[in-house]
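To start, the structure itself, in structure tokens.
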Amino acid sequence: MSDPGDRIENAAEKVGGKAKEAMGKMTDDEQKIAEGKAQQSKADLKNAGEDVKDAAKNVKDAFKE
């Protein structure tokens with residue numbers, strides 16, 4: 001299984017992106033909105049990578065049995 005710390009960091013990065021996006025919306029700052037959305041996407045991609053690592057490990061473990 002992937003390191004739970006990585007999942008926590010990814011979740012924190014996503015929350016930070018949501019906060020940045022919300023602040024951009026409140027201040028009508030299009031760049032902050034875009035940065036927030038990009039940060040959220042980055043966190044989602046990292047989580048997808050963790051999912052792939054977990055799936056690969058599960059396949060590897062299945063062949064050990």
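The values are calculated or read from the model by the stated rules, or taken from the named source; none is laboratory data. Just so it is clear, the model here is predicted, and its values are computed rather than measured. Cβ placement follows ideal geometry from the backbone for every residue including glycine, while neighbour counts extend to all protein chains displayed. These area figures cover heavy atoms from the full protein model, side chains too; ligands, DNA and RNA do not enter into them. Shrake-Rupley method; radii C 1.70, N 1.55, O 1.52, S 1.80 Å.
Could you list, ordered by first residue, the pairs with Cβ atoms under 7 Å in which the first is in the range 10-33 and within 22 Å of Glu50 (Cβ to Cβ) and of a type in the set (S, T, N, Q) and the second is open to solvent by 70 Å² or more (accessible area, probe 1.4 Å) and part of a helix (DSSP H, G or I), at least 6 apart or interchain?
If the second residue must be open to solvent by 70 Å² or more (accessible area, probe 1.4 Å) and part of a helix (DSSP H, G or I), the pairs left are Asn10/Lys46.
Test each condition in (1) at pLDDT below 95; (2) surrounded by 14 or more Cβ atoms within 10 Å (Cβ to Cβ); (3) not aromatic (Phe, Trp, Tyr) for Glu65 and report the one that comes out false.
(2)
What number goes with the only condition from (1) touching a residue at least 12 places away in the same chain (Cβ under 8 Å); (2) open to solvent by 60 Å² or more (accessible area, probe 1.4 Å) that Pro4 does not pass?
That leaves (1) as the condition not met.
Mind counting the residues in the range 26-37 that are surrounded by 13 or more Cβ atoms within 10 Å (Cβ to Cβ) and assigned to a helix (DSSP H, G or I)?
The total comes to 6.
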